[in-house]
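K.L.:
Got a structure for you, questions after.
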Amino acid sequence: MIKLGYARVSTLEQNLNLQVDALKYEGCKQIFTDKVSGVKSVKPEFEKLMDYARTGDTIVVWKLDRLGRSTVQLIELMEKLKERGIHLKSLSESIDTSSAMGNLFFQFMCILAEHERNIIRERTKAGLASARARGRKGGRPTGLSERYQLIAPEVRQVYEKNNRSTDEIRQMFNIKSQPTLYKILTFAGADVKGFLKKRK
């Protein structure tokens, strides 16, 4: 049973020293580092860490946001670690899932994540009702998974801000292809006229 550190910064210009020093002081036997945006679905060194970690080990981070950008994303990771018997410790938030208080925090996070999912579902239903009232049919496009349905309102919000390319949106939400993004936006009731010509 050992402590394994993970540190991440978003760009090549940012410095990892603060996080790495704190992880060394904590007693981490090995430290994995990524220089990649938090919205990226693939973090190479973190994947190596997950392969390296064993039951009873503790993954240590400087802050929880080094692991994920959303509550749901973080909870999914914590559930995966719990299934494998791996603990998680955050130095800034003083959270350690190997302790009773840490487990209590985990349960609270699960409640928050479920609340977040319920809000998204309600927004989706309200959006569909509004679309029907305006004469649009809406509904689930063929092949659209439940996960994509849940994130559809958030995807639409980012898309309609018009400050990110479609490729960036796909990376943010881990959407596999442009046609799938089109389906998600259609499901959310977004105005997708000229979608294929817009913001490559």
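K.L.:
Of the conditions (1) modelled with pLDDT of 90 or more; (2) of a type in the set (S, T, N, Q); (3) within 17 Å of the chain's Cα centre (by Cα), S70 satisfies every one except a single condition; which number is it?
P.N.:
Failing condition for S70: (1).
K.L.:
Going through R140, R156 one at a time, which residue ends up being among the charged types (D, E, K, R) and at pLDDT 85 or above? Walk me through it before giving the result.
P.N.:
Values: R140 fails: at pLDDT 85 or above.
Of R140, R156, the one residue that is among the charged types (D, E, K, R) and at pLDDT 85 or above is R156.
K.L.:
When only residues in the stretch 170-189 that are basic (K, R) and part of a helix (DSSP H, G or I) count, which is modelled with the lowest pLDDT? Can you show your working first?
P.N.:
Residues of the stretch 170-189 basic (K, R): 170, 176, 183.
Add one more test, that the residue is part of a helix (DSSP H, G or I), and what stays is 170, 183.
Values: R170: 85, K183: 88.
Step by step, filter the stretch 170-189, then rank; the result is R170.
Every residue, every condition in (1) hydrophobic (A, V, I, L, M, F, W, C); (2) at pLDDT below 75, yes or no:
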residue	(1), (2)
L104	yes, no
A113	yes, yes
E122	no, no
R132	no, yes
R136	no, yes
E146	no, no
A152	yes, no
K161	no, no
E168	no, no
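The values are calculated or read from the model by the stated rules, or taken from the named source; none is laboratory data. Keep in mind it's a predicted model, so treat the numbers as computed, not measured.
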